[in-house]
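*Asks:* This structure is in C-alpha cells; I'll ask about it shortly.
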Amino acid sequence: MGETVRHQTAPLKCWPKAKELRLKYYEDYARAHERGGLRWAGGAWSFSAIPAGLGRDVYSLTSEPYGASIAFDKALSLRCMEATERAGFARDLCAYMRNYWGSVLLNEYAFGGPFPKPDFLWQDHICCSHAKWYQVVSDLEGGLPHFCIDVAVGPYQDVAPHKIDYLVNQMHDGIEWLERTTGRKYDDELLIEAVQNEFRTTSTWAEVCSLNKHVPAPLEEKTMYSLYVLGTLNKHDRAVADFYAELRDEVRERVAQGIAAIPNERCRLMSDTQPPWGFLNIFRYMEEYGAISVGSLYTFGLIGIWEDQPDGSWGPRTTPMQQGIVIKSRDEALRRYADWTLSKPEWQHFYSPHLKTAMMLRIAREWKLDGVLLHYNRGCEGLSVGIAENRLGLIEAGVPVMAFEGNMGDEREFDEARVKARFDAFMETLGVKKNGRA
Amino acid sequence: MNEKRTEPNAESGNPAAGAAVPRFSAACGTCGSTCGPQPPTATHGGDGNRQPVANQTSAGPFAAFRDWRLDRAAYARQWKQRTGGKVIGYFCTYAPEELMYAAGILPVRILGSHEVQNVTEPHIFGMFCPFCRDCLAQGLLGRYEYLDGIMIAQSCLHIRQTFTSWQKHVPIDYSYYLPMPHHVQSRHAAPFLAKELAIFQASLEDWLGRKIAAPALENAIDIYNRNRQLLWRVYETRQAADPPLSGEEALEMVLAAQMVDKQDHNAALESLLARLPERRLPRPTGARLMILGSKDDDIEFIHMVEACGATFVIDDHCTGTRYFWNNTDPDGDPLDRLARRYVQRVPCPTKDWPARTRVPHAVALAKKYGAQGAIVMQQKFCDPHEADVPALTKALNDAGLKTLFLEFDVTVPIGQFKVRVEAFLEMLREDDLF
C-alpha cells in the first residue's frame, strides 16, 4: 500500500446517459404493447440477441437486474419476499428470483404500475435455479411459452465441436420455436446485427475493466455496477455497445489525466459475487480508509468477454469483426455466438472453484490488489458456489481475504454493522487506518 | 409450446409383471413398541462412526442388503481383492455406471453418514445442502479411502462442490467430471451425451491402460438392466393390500444396489423374490404412504414413520425409484442407448424443464401404489426441489393425497418429526372414519 496521495477526481461525464439508458429500458419493456411490440422475460445470461431477430420492437425484462432493482427498494423487496413465501416457496431460494416472483404475485412493477406480463420466456440454464425460475413464472402467470437453452457443456478450456453443436442445435430449435410462438418471421440480418452488437458490448466492457489496472483506478466498483448493468439488460443492443465505446474513451481519458475514482486511494481490493444491493453504502465506508474495490470477477466477467493478450495479460477478447470476419448466415452467427459466450469468465467457475481461484489470483496480480472481500452470498447459489474453496485458494497464495456473509437481495440476511466491524478489523490487519492515515 | 420428450410415467420402466401378493410372516428385526427388542448398531458411512439405528432388517431376506450398506467399505475391499478391479465413488445417480462396470470398475455411490461433523465448513459454504456437506465429510474423514477414483455426472451445484473439494483435498488417483446435459427434454441432449460418454470411456481406458471391449459393455448393460428389472419386480409387490416389505427394507435394498456389484445384488434379489410370496410384515400395514424428495437414505426416519403405524409403499427420490426406474434399450449403439437411458430417466428437478414431467409421474406412482398420503421431504437448501415443492404438493393434493412437508438436515429431529408424523397419520385415519 502506498502513501496517501490526493488524486484528482471528477464525475463521469457519461453518467447521466447511463441512467437514461437504464430507465428507457424498463419503460420500453412496460410500454411495448402500446407500440405493437413484443415483450419477453429471461435471464441476463440468456442469448438475448436471438429474440432480436423477431424485429426491432421486441423488448426484454432480464430477471437478475430486475431482482436487484427490487432489492434496492427494501420496502418493496420485503413485500415481494413475503408474498413469495406465502405462496409456499422456501426463503433460502435465489433472492433475485424471490423478488421477481413476489413482483409478479403482487402485480407490482418496480418502475410503476402493474407487472407487465411477458409474451414469452427466453432463458438459459447455468445454475440450478435458472430454468426453474421461469417454470414458476409460467405457473404464476397462468402458463407462458417457455424456451430454455442448456449451456452447461463444461469449461471453455475443454470446448469441442460437439459442445458447440449442442448449443447451436438448441438455438436453431429456439428460433423455430420463436417463430411458432409469436407468429413472426425471423430475420437473420437482425440476428447478425444483434450478435455483433453483443460481441462489441462484451469486449468493450472488458476493455473498460482492464483500464482499472491503472493506479489510481479511474473507476470504483459501486460506480461500475451502474455501468455494467446495461450489459445485463441489453447487451445485444446497439445503444449499449455504443455507450460502452463512449465510456471506454472517457475512462481512457481519465487514465491519461490521472483522474481517480476516489481521491485517497491507498488500498486496492476486489469483491466477489453480487453485493448486498440494499447496502451499497459499505463501499463508501471503505473509502474512509482510502480503500477502493476496483472490481471483481463478477463485475468483470459476467458481461465482459476476455482473452489472453500478446503480452500475457488479461484483456478484451478480439471480436470477429476485429478479425475481419463477416458473418453471413444464421448458423455461422449462432456458432460464433455460442463459442463467444461459452468463454465468459463468470461461467467457468460453475464447473470448478479452482478455475475461479486461478482467475481471481490473476486479477489480484494484474490489478495490483492488496486484498479480497468475499461476499458469502446467501442469495445466489450460482455465484457463491465454491466460494469457500476460493477463500482457501487465495489464502494459500498469500492474498489477504476478508469473508463476510450476506444476501444480495434479501435485506433480512445482511448485518451492516457486523460487516463494517469486520472491515475495520481487516483494515487493521492490513495496517490501514481511517481517512488515509498511515 | 414446449419441446416433446418421452415422458416418464408410472407405467414406464422395466416390463416385469406384478408379483403375487405374499402372505407369510418372515423373521424380521424388531424395534420399539411395534417390533420388539433393540437391534444392533449400524454404521452409516463407509468406515464411519457407529450410530444406533433401530432396524427391521437385521435378519431375514433383507439382512444382506443391510449388511452391505453398513459394511460397504469391507465389501469394496473384498471385491477388489477378489476381482483385481478398481473402485470409483460417484456422486449423483446420473453417473453411467454401466460404462465403469464394463471397465472392471465397481461404481459405489458416495453417501453421507447423518452424523454431526465439523470438517466441511472451510470447504463448502453453509448455504448449500446438508447432503453435499455430509458426503464431503466422509471423504475428508477418510471413510472412503478404498476408492481409486471419483466421478460426477453433472447435476446440481451443491453436490458438484463435494466433487471439486474432494478432488483437491482427498488423495485420489482418478477423477472425472461428466457434463451430463440438463436440457433432457431436448432432442439434442442424448446425442450430446453419447459423445460425452465416448470421451469418458476414452478417459477410463487411458487410466486403466486397456480398452473396454464391446461385449463387456453389452454385458454390463444387461446386468444393470436385470438389476433394474428385479428391483422393479420387488417394488411391484408393494402394490398389494398388505405389502410384503416395509419402506425401510425397500430403502435398504436400493441403497445396497448403489454400493455392491450388481451381479451380487441380482443374486440377492432373485433369492428375495423367491421368498417374497410367502412373506408378510409382522404388523398391520397401516397408512400407505409415499415419500418424495431429492434423496433419502435416512433409515432412522423411515423406521420412525413406519413404527407410528404406516408403511411406505412407493417413493420418488434418487435413492429409490429414480435410480432404477428406466432401462436401457436393447438395440443399437451401446453409447447411444446409454445416453438415451440417462436422458430419458425420471428426471431430477434440476433437469426437469421446461415442462414438469416428474409431477405427473409422481402422482401416477402414488395412485398405482395406492398411497393415501405423501411425505414431501426436502433437503434444506436444495433449490431445484424447493422450486418444485409447491407444484408437486398441489398436484398431489388435487389427486386426493394429503401431504406432510418436512425439511431435512444432516440429522433430523426425530422427536419433533414424530409428533408431526403422528398428527399426519391421525389426519389420514380421519378419512377412514368419516
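The values are calculated or read from the model by the stated rules, or taken from the named source; none is laboratory data. None of these values were measured; they are calculated from a predicted model. Neighbour counts run over all protein chains shown; Cβ positions are idealised from the backbone, glycine included. All accessible areas refer to the heavy atoms of the entire protein, side chains included, with ligands and DNA or RNA removed. Shrake-Rupley method; radii C 1.70, N 1.55, O 1.52, S 1.80 Å.
*Asks:* Can you tell me which residue within the range B:356-383, out of those that are within 14 Å of another protein chain (Cβ to nearest Cβ) and in contact with a Pro (Cβ under 7 Å, 6 or more places away or on another chain), is nearest to residue B:313 (Cα to Cα)?
*Replies:* This residue is B:358.
*Asks:* Out of (1) crowded, with 19+ Cβ neighbours inside 10 Å; (2) of a type in the set (Lys, Arg); (3) more than 30 Å from residue B:128 (Cβ to Cβ), the odd one out for residue A:19 is which?
*Replies:* The number of the failed condition is (1).
*Asks:* Could you go through the range A:208-225 and let me know if any residue there is in a helix (DSSP H, G or I), in contact with a Lys or Arg (Cβ under 7 Å, 6 or more places away or on another chain), open to solvent by less than 30 Å² (accessible area, probe 1.4 Å) and more than 16 Å from residue A:301 (Cα to Cα).
*Replies:* Looking through the range A:208-225, none of the residues is in a helix (DSSP H, G or I), in contact with a Lys or Arg (Cβ under 7 Å, 6 or more places away or on another chain), open to solvent by less than 30 Å² (accessible area, probe 1.4 Å) and more than 16 Å from residue A:301 (Cα to Cα).
*Asks:* Moving on. So residue B:251 clears everything in (1) crowded, with 20+ Cβ neighbours inside 10 Å; (2) without any contact (Cβ under 8 Å) to a residue 40 or more places away in the chain except one condition, right? Which one?
*Replies:* Unmet for residue B:251, out of (1) crowded, with 20+ Cβ neighbours inside 10 Å; (2) without any contact (Cβ under 8 Å) to a residue 40 or more places away in the chain: (2).
*Asks:* I'm told residue B:206 meets every condition in (1) in a helix (DSSP H, G or I); (2) at the interface with another protein chain (Cβ under 8 Å from one of its Cβ atoms) except one. Can you identify the failing condition by its number?
*Replies:* So the condition that residue B:206 fails would be (2).
*Asks:* Would you mention how many residues in the range A:317-339 are outside any loop (DSSP other than H, G, I, E, B) and crowded, with 19+ Cβ neighbours inside 10 Å?
*Replies:* Residues in the range A:317-339 being outside any loop (DSSP other than H, G, I, E, B) and crowded, with 19+ Cβ neighbours inside 10 Å: 6 in total.
*Asks:* Another question, then. Residues to consider are B:186, B:175; find the one that is in contact (Cβ under 8 Å) with a residue 60 or more places away in the chain, outside any helix (DSSP H, G or I) and small (Gly, Ala, Ser).
*Replies:* After ruling out the rest, the residue left standing is B:186.
*Asks:* Are any residues in the range B:164-178 open to solvent by 20 Å² or more (accessible area, probe 1.4 Å) and within 11 Å of another protein chain (Cβ to nearest Cβ), and if so, which ones?
*Replies:* B:167, B:168, B:169, B:175, B:177
*Asks:* If you scan the range A:148-172, which residues turn out to be under 26 Å from residue A:55 (Cβ atoms), more than 7 Å from every other protein chain (Cβ to nearest Cβ) and open to solvent by 10 Å² or more (accessible area, probe 1.4 Å)?
*Replies:* The one that is under 26 Å from residue A:55 (Cβ atoms), more than 7 Å from every other protein chain (Cβ to nearest Cβ) and open to solvent by 10 Å² or more (accessible area, probe 1.4 Å): A:172.
*Asks:* Output yes when any residue across the range A:120-138 is open to solvent by 40 Å² or more (accessible area, probe 1.4 Å) and within 11 Å of chain B (Cβ to nearest Cβ), and no when none is.
*Replies:* Among the residues of the range A:120-138, not one is open to solvent by 40 Å² or more (accessible area, probe 1.4 Å) and within 11 Å of chain B (Cβ to nearest Cβ), which makes the answer no.
*Asks:* Could you please let me know if residue B:347 is touching a residue at least 12 places away in the same chain (Cβ under 8 Å), in contact with a strand residue (DSSP E or B) (Cβ under 6 Å, 6 or more places away or on another chain) and either open to solvent by 10 Å² or more (accessible area, probe 1.4 Å) or in a loop (DSSP other than H, G, I, E, B) (or both)?
*Replies:* no
*Asks:* Out of B:300, B:306, B:278, which single residue is over 13 Å from the mean Cα position of the chain (by Cα), touching a residue at least 12 places away in the same chain (Cβ under 8 Å) and crowded, with 22+ Cβ neighbours inside 10 Å?
*Replies:* B:306
*Asks:* Same structure again: When only residues in the range A:386-410 that are closer than 15 Å to residue A:275 by Cα and within 9 Å of chain B (Cβ to nearest Cβ) count, which is surrounded by the most Cβ atoms within 10 Å (Cβ to Cβ)?
*Replies:* A:387
*Asks:* Condition first: part of a loop (DSSP other than H, G, I, E, B) and of a type in the set (Lys, Arg). Now tell me which residues in the range B:350-401 satisfy that.
*Replies:* Result: B:356, B:380.
*Asks:* Hey, any hits in the range A:178-192 for a residue that's buried (at least 24 other Cβ atoms within 10 Å of the Cβ) and either among the hydrophobic types (A, V, I, L, M, F, W, C) or away from chain B (no Cβ under 12 Å) (or both)?
*Replies:* yes
*Asks:* Now a separate question. Looking at (1) of a type in the set (Asp, Glu); (2) open to solvent by 10 Å² or more (accessible area, probe 1.4 Å); (3) away from chain A (no Cβ under 12 Å), which is the one condition that is false for residue B:121?
*Replies:* (3)
*Asks:* Same structure, new question: Can you name every one of the helices (runs of 4 or more DSSP H) wholly within the range A:51-116 that holds 1 or more residues which are among the polar types (S, T, N, Q) and open to solvent by 10 Å² or more (accessible area, probe 1.4 Å)?
*Replies:* A:63-72
*Asks:* Then there is this: Is there a residue in the range B:147-157 that is touching a residue at least 24 places away in the same chain (Cβ under 8 Å), open to solvent by 10 Å² or more (accessible area, probe 1.4 Å) and out of contact with any Cys (no Cβ under 7 Å at 6 or more places or on another chain)?
*Replies:* Yes, the range B:147-157 contains at least one residue that is touching a residue at least 24 places away in the same chain (Cβ under 8 Å), open to solvent by 10 Å² or more (accessible area, probe 1.4 Å) and out of contact with any Cys (no Cβ under 7 Å at 6 or more places or on another chain).
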